[in-house]
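Just below is one structure, and these are the notes that go with it.
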Amino acid sequence: PDLRDKYLSLCPLGTAAAPEQELLCIFGTGDLGRSLGQRLLQTGYRVVYGSRRPHSCGPLPERAQVMSHAAAAQSANLVFICIHRENYDFLETLAPELKGKVLVDVSNNVEKNLYPEANAEYLQRLIPGAHVVKAFNTLSAWALQNGPSDANRQVYLCGNNAEAKQAVSVVATKLGFTVLDRGSVSAAKELEDFPLQLFPEWRLPLRLAVGLTAFFFFYLLIRDIISVYIKEKKDISFRIMVSLANKVFPIVSLIMLSLCYLPGVIAAFLQLYRGTKYKRFPDWLDRWMLCRKQLGLLALGFAFLHVLYTLIIPIRYYVRFRLSAITVSEVRDKNRTPEFDTTMAWRTDSYYSVGILGFGLYLLLGITSLPSVSNALSWREFSFIQSKLGHVTLFFCTFHTYLYGWDKFLRASSYKWYTPPGYMLCLVLPSVVLVLKLLLLLPCVDRSLTRIRQGWERTNPDDDSRKSLLT
């Protein structure tokens, strides 16, 4: 017989019995247990639930069985423990049924250091004959029900038995997740702390944003509102809501954007000074560089608020009243309309145009930082957008602010109580970053930095006359 006949004889259509689907057990019928069971059923597993009240445990996924805890434990080799640690005590009575079984602990605590030992370690102590694996605790019920996405593809696990971890890894992989083995069950406490972390990468950027916002708000409040009231006895406190806020937001946005690119510049000069890329950066610089994405997204948020506040300027009562009052006053007192100022027209159009371009590039940087977009880009494309276009964005936004100031820095009236305007203060940092970046782009400096990043090292840094880094 030919090859086709051999294949047909080995795999006759319609006669081979389908392999029996593996049965998995779940203790717990809450949101997480139901979502996990639904995903397992969709993946092709059979699911049995263990419940204290098998006949009144609420709605469960179709095709799932419900039994008592003891009966369910006996029917499957792998058991998901989807119950709180406070309810673990009854499991000790099921030690004979759970002996030799793989127990997947998915529990978490409500706060850190609530117990002296991890939940998985406590479970292993309760049932020493079972193989406890900590896994799936970093996933929410929503993530399990809707499947993995860019934000939650990973399943962390740990355990003392390699075969038990392999069995759990197979299940997680079939569900579409990527498994990361963190070692023995002693790592369970670290895994249980993961879901309790509240924006750990955002803490420093948020503190900076709040601190900068508070500082410039009170600084401008004193300069623009309180000083006018003290000197001229004029109450313009209504300007706090829009005018003052629309000064604070762009100032904080520009400073935060500068803080995104300043650590990269500092790192480059450190590498030039050391003559190697193989020395660690200081810890503060490492932490700073790791939160650049969050700094940039917060900067984009402040820029977006600045755009929204600017768009409502023409419809404000104060603006409409002042425009009409100025027009009536000029017609009445001078009986003529003011002449068209070409210089002012160039200034304002340039100011708005550069601002629009800067905000457009801002949006491009924010979009490419999304995981779904960045995953579709090569490293060279991502680096070009985030680094090259990022510095171009910083230039446009800085130039936009310079156009806003124009020649105001020459006027004595701009320095109320001998303090500079807020926009002048915010120009210091981006100007420094751009100047330092220009120095790094000089051919002699760029060539040396490229060699260092390709692995070249200065063997004798003290002998600058014999081996100069910049040659």
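The values are calculated or read from the model by the stated rules, or taken from the named source; none is laboratory data. None of the values given here were measured: they were computed from a predicted structure. Cβ: placed from backbone, ideal geometry, glycine included. Neighbour counts: every protein chain shown. Protein only, heavy atoms only, side chains kept; ligands, DNA and RNA dropped before computing areas. Shrake-Rupley method; radii C 1.70, N 1.55, O 1.52, S 1.80 Å.
Figures for the structure shown
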| read-out | value |
| --- | --- |
| Spin-label pair Y402/D349, simplified geometry with 7 Å Cα→Cβ offset, distance in nm | 2.1 nm |
| Kirkwood Rh (inverse of mean 1/r, distinct Cα pairs), the chain, angstrom | 28.4 Å |
| Amide hydrogen neighbours beyond the local backbone of I26, cut-off 5 Å, H modeled | V48, Y49, G50, F80 |
| For segment 276-348, radius of gyration divided by Kirkwood radius, i.e. Rg to Rh on alpha-carbons | 1.38 |
| Long-range amide H partners of L180 with built H, under 5 Å | V155, Y156, L157 |
| nm² value of the averaged projected area, convex hull over the Cα atoms of segment 33-162 | 8.5 nm² |
| Accessible solvent surface per residue of the chain, calculated while the other protein chains remain in place, 1.4 angstrom probe, Å² | 58 Å² |
| Segment 79-146: C-alpha gyration tensor shape, a/c 1.5 cut-off, then a/b vs b/c | oblate |
| In degrees, nearest ten, helix 203-220 long axis to first principal axis of the chain (Cα) | 20 degrees |
| Fraction of accessible area attributable to carbon and sulfur, the chain (%, probe 1.4 Å) | 61 percent |
| Loop trypsin sites (Lys or Arg not before Pro), segment 247-339 (other Cβ atoms within 10 Å of the site Cβ: 13 or fewer; DSSP) | K279, R280, R336 |
| Selection from L285, I313, V106 lying farthest towards where the dipole of the chain points positive, charges on Cβ | I313 |
| Qualifying chymotrypsin sites (Phe, Trp or Tyr not before Pro) for segment 288-347 [loop in DSSP, other Cβ within 10 Å: at most 16] | F340 |
| GluC sites (Glu not before Pro) within segment 326-426, DSSP loop, no more than 12 other Cβ atoms inside 10 Å | E339 |
| Folded to 0 to 90 degrees: helix 422-441 orientation relative to the chain principal axis, Cα | 70 degrees |
| FRET efficiency, 1/(1 + (r/R0)^6) with R0 41 Å, evaluated for A70 and R287 via beta carbons | 0.20 |
| Selected from I26, L440, A72, residue furthest toward positive end of dipole (the chain; charges at beta carbon) | L440 |
| Dimensions in Å of segment 186-259 - Rg and Dmax from alpha carbons | 19.4, 69 |
| Three-way shape call for segment 352-471 based on the alpha-carbon gyration tensor, with the a/c threshold at 1.5 | oblate |
| Full-extension gain in nm, R274 to L370, via 0.36 nm per residue minus C-alpha separation | 31.1 nm |
| Under 24 Å from the Cα of K279 - lysines, other chains or at least 8 residues apart | K293, K437, K467 |
| Among beta bridges that DSSP assigns inside the chain, antiparallel share in %, nearest 5 | 10 percent |
| Helix axis angle, 389-405 relative to the chain longest principal axis, alpha carbon, degrees | 30 degrees |
